[in-house]
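Scroll down for the structure; my scribbles are underneath it.
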Amino acid sequence: MRRKVLVCGGTGCVSSRSREVYDALESELAGRGLGEQFELKYTGCHGFCEQGPLVLVEPEGYFYCRVTKEHVAKLVDSLQEGSVYEDLLYKDPDTGNRVKTRNDVPFYQKQKRLVLKNCGLINPESIEDYLNAGGYRTLQKVFKMSPDAVIDEVKKAGLRGRGGGGFPTGLKWEYARKARGDKKYIICNADEGDPGAFMDRSILEGDPHRVLEGMLTAGYAIGAGEGFVYIRAEYPLAVRRLDIAIKEAREKGFLGENILGSGFNFDIHIKQGAGAFVCGEETALIESIQGNRGMPRPRPPFPAVKGLWDRPTVVNNVETLANLPIIFDMGAEAYAAIGTEQSKGTKIFALTGKIKNTGLVEVPMGITLREIIFDIGGGIPNGKKFKAVQIGGPSGGGLSAQHLDLPIDYDSLIDAGAMMGSGGLVVMDEDTCMVELARFFLSFTRMEACGKCTPCREGNTRLLEILERIVEGRGELQDLDLLESLGHTIIDTSLCGLGQSAPNPVLSALKYFRPEYEMHVKNKLCPAGVCKALLSYRIIEEKCKACGLCLKHCPVGAITGKKGEPHRIDPEMCKKCGECLKKCPFGAIVLAGGDGFGQGQSDHKRNHVSRTQALYNLKSGGRERH
């Protein structure tokens with residue numbers, strides 16, 4: 001049996017020049033006459049993006065990290081010898097030991113890779129690889145069932161939409177099945193627009209046929225004859241591999257007329273979106289496919305009754321569709337045994353932010369945030385403390401340390417003021433300002449909103465204006481109550497899911513980090529040292545050694561002082577970049593609030609709280625409120 005050398009070709013590793021590694025391996029193996037002994041493949045995402053480019057050697061399971069083309073010659077030496085290239089093995093940061101196989105790397109140990117099973121193991125541009133891995137096998141099983149039996153199986157499995165809302169998939173199909181229409185459609189929503197999210201992208205790049213098989217199953221169940229994959233044009237690799245997969249499926253008879261002799265006709269087309277975040281909402285997406293501006297429709301009627309070209313349409317996201325071959329392979333009961341009572345199966349998360357192990361993870365529903373962040377993600381880098389996690393993208397919510405043991409499922413997250421969303425999970429450390437973070441996410445959703453309805457268009461603009469006043473030091477205490485009341489009004493009255501969820505980051509931050517908001521308003525101070533308008537720097541004369549480091553590194557010449565004399569910072573010239581604070585080895589430069597900067601030291605102490613004291617007050621206030 002030929003040994004396999006699998007090079008990660010997901011976007012993360014591609015950006016780290018994994019293609020150069022693949023080409024070098026191909027050349028080296030051919031040059032040594034080893035092409036027949038080793039099967040070299042350029043695969044989809046392996047998930048462990050932090051350690052890329054990645055190379056996996058099978059059947060041994062040797063897992064090599066941060067491989068460059070300079071390593072290739074020695075790597076091929078080890079392949080010839082049947083030995084391990086020790087220097088490229090993953091190094092456990094806790095023990096310092098090298099870990100030989102992928103399954104033994106802590107990042108993978110608590111994962112349950114079902115949807116991502118083939119990613120990293122097959123060539124996504126080869127239908128033969130997918131067939132050899134069992135692909136399209138479940139489709140034959142589906143065609144032997146009645147459409148109603150297929151829908152019942154999905155309902156028994158408990159599959160809920162992985163795009164954000166968590167609506168029961170089988171129930172949506174049932175509505176479309178019963179709806180009257182001379183033609184029906186299946187749409188795969190691949191318009192993944194959340195900052196830091198790359199779940200759907202990685203599935204389409206690594207295992208596109210799995211999604212096509214899911215679309216065929218859905219089409220057969222509701223009686224559709226045509227499907228569309230709506231994917232953003234910013235995903236060129238996913239678009240290319242999806243296009244190849246559709247052409248291969250047509251050639252093999254898995255798309256077209258009388259598929260596998262079943263009498264079922266179905267074809268799939270690609271529609272590239274222009275990157276509008278609002279087109280992730282299903283009715284706006286439908287409008288875009290029809291050639292109109294992507295703006296949501298009032299509901300009801302829902303797309304299952306009146307969707308694309310006013311005909312019954314089911315819109316499922318990539319991950320939802322990719323779960324279907326799993327359900328019909330293992331059976332509904334076995335699938336339903338994974339996860340929790342109300343949230344079945346697994347969920348894929350894009351783990352990013354202030355975390356040691358960034359990457360793509362697939363975990364069973366019900367796993368805790370602590371397990372994902374610390375056991376899989378490796379915890380917070382640089383000795384910093386965990387502060388919050390934003391789950392559900394810009395429409396989700398920020399959860400605090402008190403939620404680390406919260407099980408991740410649809411209902412628990414909603415109860416906590418967040419949402420599953422599509423699966424973005426951004427981790428933040430103690431240096432994150434929760435007020436500025438809320439302002440950032442709200443500015444994103446406001447910019448991406450279509451402007452059709454007044455509550456979202458005007459309400460979120462007012463919310464953003466209040467947050468900008470606060471981070472600029474012009475906020476007042478009543479602004480906090482105004483944020484809450486206005487946020488709830490927007491949620492209750494907006495037309496679509498974008499407007500109904502846009503205030504979530506603001507409201508969750510107010511709920512769990514209110515003392516930090518109050519510090520911005522009352523003390524005109526940003527405890528995290530992020531909001532520049534609330535920062536000021538001064539030199540403590542008694543500690544200053546007149547070494548000149550701060551003066552040397554100040555980019556605008558705001559620091560003056562003669563040799564042997566304490567230096568001073570000119571508040572009018574200071575741009576608050578923080579370079580002086582970083583460079584001072586004696587702790588002579590301190591950070592405090594911005595209002596009243598430049599007064600004498602006694603006045604400064606009287607009108608301001610030091611950052612250390614502010615952090616203490618913030619933590620104390622947090623404990624009292626929680």
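The values are calculated or read from the model by the stated rules, or taken from the named source; none is laboratory data. From a predicted model like this one, the values you see are computed outputs, not experimental measurements. Cβ coordinates were reconstructed from backbone atoms using ideal geometry, including for glycine residues, and neighbour counts include every protein chain displayed.
Surrounded by fewer than 19 Cβ atoms within 10 Å (Cβ to Cβ), in a loop (DSSP other than H, G, I, E, B) and outside the structural domain of C65 (by TED's automatic domain parsing) - does that describe any residue in region 387-401?
Start the filter on region 387-401 by keeping residues that are surrounded by fewer than 19 Cβ atoms within 10 Å (Cβ to Cβ), which leaves 401.
Applying the additional criterion that residues be in a loop (DSSP other than H, G, I, E, B) yields none.
No, every residue in region 387-401 fails to be surrounded by fewer than 19 Cβ atoms within 10 Å (Cβ to Cβ), in a loop (DSSP other than H, G, I, E, B) and outside the structural domain of C65 (by TED's automatic domain parsing).
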Flag for L483 being buried (at least 22 other Cβ atoms within 10 Å of the Cβ), more than 19 Å from the chain's Cα centre (by Cα) and modelled with pLDDT of 95 or more = yes
Looking at region 66-76, is at least one residue under 16 Å from N357 (Cα atoms) and surrounded by fewer than 19 Cβ atoms within 10 Å (Cβ to Cβ)?
-> yes
Single unsatisfied condition, A304 versus (1) farther than 30 Å from S412 by Cβ; (2) in contact (Cβ under 8 Å) with a residue 12 or more places away in the chain = (1)
So G359 clears everything in (1) more than 25 Å from F48 (Cα to Cα); (2) crowded, with 20+ Cβ neighbours inside 10 Å except one condition, right? Which one?
-> (1)
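Can you tell me which residue is farthest from the chain's Cα centre (by Cα) among those in region 402-426 that are in a strand (DSSP E or B) and within 14 Å of R370 (Cα to Cα)?
Once the filter is applied, the top-ranked residue is P407.
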Hey, any hits in region 14-23 for a residue that's within 22 Å of C119 (Cα to Cα), surrounded by 18 or more Cβ atoms within 10 Å (Cβ to Cβ) and among the basic types (K, R)?
-> no
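Regarding region 444-466, can at least one residue be identified that is within 17 Å of the chain's Cα centre (by Cα) and surrounded by 20 or more Cβ atoms within 10 Å (Cβ to Cβ)? Working first, answer last.
The first filter runs over region 444-466 and keeps only residues within 17 Å of the chain's Cα centre (by Cα), leaving 444-445.
Subsequent filtering for residues that are surrounded by 20 or more Cβ atoms within 10 Å (Cβ to Cβ) retains 445.
There is at least one residue in region 444-466 that is within 17 Å of the chain's Cα centre (by Cα) and surrounded by 20 or more Cβ atoms within 10 Å (Cβ to Cβ).
Scanning region 306-365 for residues that are assigned to a loop (DSSP other than H, G, I, E, B), basic (K, R) and out of contact with any strand residue (DSSP E or B) (no Cβ under 6 Å at 6 or more places or on another chain), which turns out farthest from K172 (Cα to Cα)? Working first, answer last.
Within region 306-365, the first condition is being assigned to a loop (DSSP other than H, G, I, E, B), and the residues that meet it are 306-307, 311-312, 331, 337-338, 340-343, 345, 354-358, 365.
Still in the list and also basic (K, R): 306, 311, 354, 356.
Applying the additional criterion that residues be out of contact with any strand residue (DSSP E or B) (no Cβ under 6 Å at 6 or more places or on another chain) yields 306, 311, 356.
Working: K306: 13, R311: 14, K356: 39 Å.
Across region 306-365, the extreme among qualifying residues is K356.
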Being closer than 15 Å to L121 by Cβ and out of contact with any Phe, Trp or Tyr (no Cβ under 8 Å at 6 or more places or on another chain) narrows it down to one of K4, K41, so name that one.
-> K41
Going through region 524-538 one residue at a time, which ones are over 28 Å from the mean Cα position of the chain (by Cα) and crowded, with 20+ Cβ neighbours inside 10 Å?
-> K524, L525, L534, L535, S536, Y537, R538
Failed item in (1) in contact with a Pro (Cβ under 6 Å, 6 or more places away or on another chain); (2) among the hydrophobic types (A, V, I, L, M, F, W, C); (3) closer than 22 Å to K524 by Cβ, with I540 passing the rest | (1)
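Can you give me the ranges of the helices (runs of 4 or more DSSP H) entirely in region 114-208 with at least 3 residues that are crowded, with 19+ Cβ neighbours inside 10 Å and more than 27 Å from the chain's Cα centre (by Cα)? Talk me through it step by step, then tell me what you get.
Details: elements: 127-132, 137-143, 147-157, 169-178, 199-206.
In region 114-208, 137-143, 147-157, 169-178 are the helices (runs of 4 or more DSSP H) which contain 3 or more residues that are crowded, with 19+ Cβ neighbours inside 10 Å and more than 27 Å from the chain's Cα centre (by Cα).
Matching residues to (1) at pLDDT 95 or above; (2) closer than 20 Å to R446 by Cα; (3) not assigned by TED's automatic domain parsing to the domain that holds Y220:
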site	(1), (2), (3)
E281	no, yes, no
L285	yes, yes, no
P298	no, yes, no
K306	yes, no, no
W309	yes, no, no
V315	yes, no, no
V318	yes, no, no
L321	yes, no, no
I327	yes, no, no
